[in-house]
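Asker: The structure follows.
What follows draws every value from the coordinates through simple rules; no lab data is involved. Predicted model, so just to flag it, every value in this text is computed and none were measured. Ideal geometry is used to build each Cβ from the backbone, glycine not excepted, and the neighbour counts take in all protein chains shown.
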Amino acid sequence: MRVRINRRDFGRLLGLSASAATLPAAGAPNPGNKMAGDRKFPAGFLWGTATSAYQIEGATGEDGRGLSIWDTFSRVKTNTYTGNNGDVADDHFHRYREDIALMHGLGIKAYQFSVSWSRIFPEGKGAVNPCGWDFYDRMLDALLAVGIEPFCTLYHWDLPQALMSGGGWQSLDTAKAFSDYSANAAKHLSDRVKNFITISEVSTFVDDGYLYGSDAPGLKLSNAQVAQVAHNVLVGHGLAVRAVRANARAGTKVGIADNAVSTCPVIETREHIDAARIAYREENARVLTVIQEGRYTDHYLKALGADAPKFTAEELQVISTPLDFTGLNIYEPTWVRASSTAPGYEVVDMPKSYPRMAAGWLEFGPDGMYWSPKFAHELWKLKDIYITENGAASWDVPTSTGEVLDTDRILFLRSYLTQLLRGINECVPVKGYFLWTLMDNYEWTDGYAMRFGITYVDYKTQKRTVKLSGEFYKEVIARNGLA
Ligand code: PNW
């Protein structure tokens, strides 16, 4: 249902926000971080950028890499925007030195990259490719040489094609193969990588790849099958957490990057805030809640009925293996208000006129950057939180002198970072922020048409040009704040 705000309601809203008595307590007290200090982040805050292997590397046929499901899927011309695929992408496989210099120039302190599983295990499991790690070794050496801290994601959607013969994530064999690959990665990388992320955005690749069929592997399964796929992915995640711990050097940390549904109260009253917190737990029941609580919520199981996943108690234990940190990817908000019907909330649909960024799905809503980490922390008392992705696509057009003046992306970033700071000032333990993304890249089915970078890439020449938003981010990092 849609909330209509007319002039009278708006007046009422203003009255509400002007009256301190009707405002909820803002959670933990502000630790005295006022005035100018209000705009600063805590000392040591980790400013990063994120990318993923298939979106930037190219070189899909080099050094014995096996095929991934994205190679197969994107080679069917009708599957992606004008048939774009990742064969070349940003050619980062050959230009990583330039890209690392770019990050260094912006003052970036941490870099989240993903490993292409099929470079390491061309068949997904079995024999390790003897030169599989070579590229990542070179890249990590160059990164560490300039003091940038690597965060390594083990799975960002590019499943080895060979594992599809067993149904991909429809089979727990894939979870087992993922665990073995994760163990190998931990052994090989943990002398240099101190932070591992198991999986990026479970919901996105499960729904788009196995339900709607819009992304690789392009399947359109039943609701029951999809619930099982999601469950299997989480088992793979839990096994990988354990495999990393068992095989990495002491002190290595491991977490997940989840695009949790960012439920936000439509109006900041106690009633709607409480509803949005309930919504956070229920809307994320399939991934984040079961990881944190070790059980699917009653509401989730009831809503799915006969389509609920089949699971064992032992699997739930694996899934809920404690994490060292929780990564939240924050993009669009989900507006929520209180409701008298169980479980106590309703999602408010987006009106047609709601502001969006260039990617049609990306509705503008910086409030999620406050509420998502806050609710996650309130519900589960999380130790460390990282914002593992946040960013926006713009219709970037270089000026005649080659500049890209992406003021809309700056508006987006500044607004979201302001809300992040609001939470941090209330003691929500967010330790770092990874901007999606360093440079324009292969945006999956949107191909090269959708640009999320703070660096513009001319795909004809592979020339990189820092956009105005890149200059903005550089300034934020240098000041460790927004002022
Ligand atoms: C994330 N949604 O994808 C991915 O992790 C990146 O690989 C991707 O390039 C980036 O965000 C930008 O799209 C998402 O519909 C895809 O809500 C879809 C959604 C969210 C994130």
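Asker: Under 5 Å between amide H atoms, partner at least 5 residues away or on a different chain: which partners does residue 466 have, H built in plane at 1.01 Å?
Answerer: Sorted by chain and number, the residues that satisfy this are 456.
Asker: Normalised by the empirical 2.2 N^0.38 Å for globular proteins, what value does the Cα Rg of segment 68-164 take?
Answerer: 1.21
Asker: Any idea what the dipole of segment 356-402 comes to, in debye rounded to 20, about its Cα centre with Lys/Arg Cβ at +1 and Asp/Glu Cβ at -1?
Answerer: Roughly 140 debye for segment 356-402.
Asker: Going 7 Å from the Cα of residue 383 in the Cα-to-Cβ direction, what parts of segment 178-208 have a backbone nitrogen less than 17 Å from that spot?
Answerer: Under cut-off, by backbone N: 194-198.
Asker: Convert each backbone phi in segment 323-337 into a coupling constant with the Karplus relation 6.51 cos²θ - 1.76 cosθ + 1.60 (shift: θ = phi - 60°), then list the ³J(HN,Hα) values in order as whole Hz, x for Gly and Pro.
Answerer: 9, 7, 8, 10, x, 10, 9, 10, 10, 8, x, 10, 7, 10, 9
Asker: Longer than 22 Å from Cα to Cα, which of 125/220; 40/109; 109/467 are they? Say none if no pair is.
Answerer: 125/220
Asker: How many nm separate the modelled label positions at residue 223 and residue 142, each set 7 Å beyond the Cα in the direction of the Cβ?
Answerer: 4.9 nm
Asker: For the chain, what does -39500 (n - 2.57) per DSSP helix run (n ≥ 4), summed and divided by total residues, give at 222 nm, in deg cm²/dmol to the nearest 500?
Answerer: Mean residue ellipticity, 222 nm, calculated: -11000 deg cm²/dmol.
Asker: Compute the distance in nm between two label points, each set 7 Å from the Cα along the Cα-to-Cβ direction, one at residue 310 and one at residue 214.
Answerer: Placing both labels 7 Å along Cα→Cβ, they lie 3.1 nm apart.
Asker: Return the sequence-ordered ³J(HN,Hα) values of segment 466-473 in whole Hz as given by the Karplus equation 6.51 cos²θ - 1.76 cosθ + 1.60 applied to θ = phi - 60°, using x for Gly and Pro.
Answerer: Karplus values, whole Hz, x for Gly and Pro: 5, 7, 4, 5, x, 5, 4, 5.
Asker: Computed over the Cα atoms, what is the radius of gyration of segment 98-239 divided by 2.2 N^0.38 Å, N being its residue count?
Answerer: Rg over 2.2 N^0.38 Å, computed on Cα atoms: 1.12.
Asker: Using a 7 Å offset from Cα along Cα-Cβ at residue 101, what residues in segment 456-483 end up with backbone N under 16 Å from the label point?
Answerer: What the label zone holds, given the 16 Å backbone N cut-off, is 462-466.
Asker: Tell me the label-point distance for the pair residue 321, residue 274, using the 7 Å Cα-to-Cβ offset, in nm and rounded to one decimal.
Answerer: Result: 3.8 nm between the two label points.
Asker: Let me ask something else. What are the ³J(HN,Hα) values, in whole Hz, obtained from phi via the Karplus relation 6.51 cos²θ - 1.76 cosθ + 1.60 with θ = phi - 60°, for each residue of segment 361-376 in sequence order, with x given for Gly and Pro?
Answerer: My calculation for segment 361-376 gives 6, 9, 6, 6, x, x, 3, x, 6, 8, 6, 5, x, 5, 5, 4 Hz in order.
Asker: Among 126, 154, 413, flag the residue with its Cα farthest along the positive direction of the charge dipole of the chain, charges on Cβ as +1 for Lys/Arg and -1 for Asp/Glu.
Answerer: The residue sitting farthest along the positive end of the dipole is 413.
Asker: As I understand it, the dipole of the chain uses +1 on the Cβ of Lys and Arg and -1 on the Cβ of Asp and Glu, about the Cα centre. Which of 276, 470, 252 lies farthest toward its positive end?
Answerer: Positive-end residue among those listed: 276.
Asker: What is the magnitude of the charge dipole of the chain about its Cα centre, with +1 placed on the Cβ of each Lys and Arg, -1 on the Cβ of each Asp and Glu, and no other charges, expressed in debye to the nearest 20?
Answerer: Around 1080 debye, computed over the chain.
Asker: Next question. Quick one: which residues, 5 or more positions from residue 262 or on another chain, have an amide H under 5 Å from its amide H? H modelled 1.01 Å from N in the peptide plane, none for Pro or chain starts.
Answerer: It is 334, by chain and number.
Asker: Between segment 259-281 and segment 84-138, what is the C-alpha centre distance in whole Å?
Answerer: 38 Å
Asker: To make sure I understand the rule: partners must be lysines, Cα under 20 Å from the Cα of residue 302, and not fewer than 8 residues away in the same chain. Which ones qualify?
Answerer: Filter leaves 310.
Asker: When each pair of different Cα atoms in the chain is counted once in the 1/r mean, what is the Kirkwood radius in angstroms, to one decimal?
Answerer: For the chain, the Kirkwood estimate is 23.1 Å.
Asker: Taking amide H positions as placed 1.01 Å from N in the peptide plane, with prolines and chain starts having none, which residues 5 or more places from residue 253, or on another chain, fall under 5 Å of its amide H?
Answerer: For residue 253, whose amide H was placed from the backbone, the distant partners under 5 Å are 195, 196.
Asker: If you don't mind, another one. At 25 °C and 0.890 mPa s, what whole-number value in µm²/s does Stokes-Einstein give for the translational diffusion of segment 331-384, with Rh from the Kirkwood sum over Cα pairs?
Answerer: For the chosen part, D equals 189 µm²/s.
Asker: Which of 154, 468 comes first, and how do the rest follow, when ranked by fewest Cβ neighbours within 10 Å?
Answerer: Listing 154, 468 from fewest to most nearby Cβ atoms yields 468, 154.
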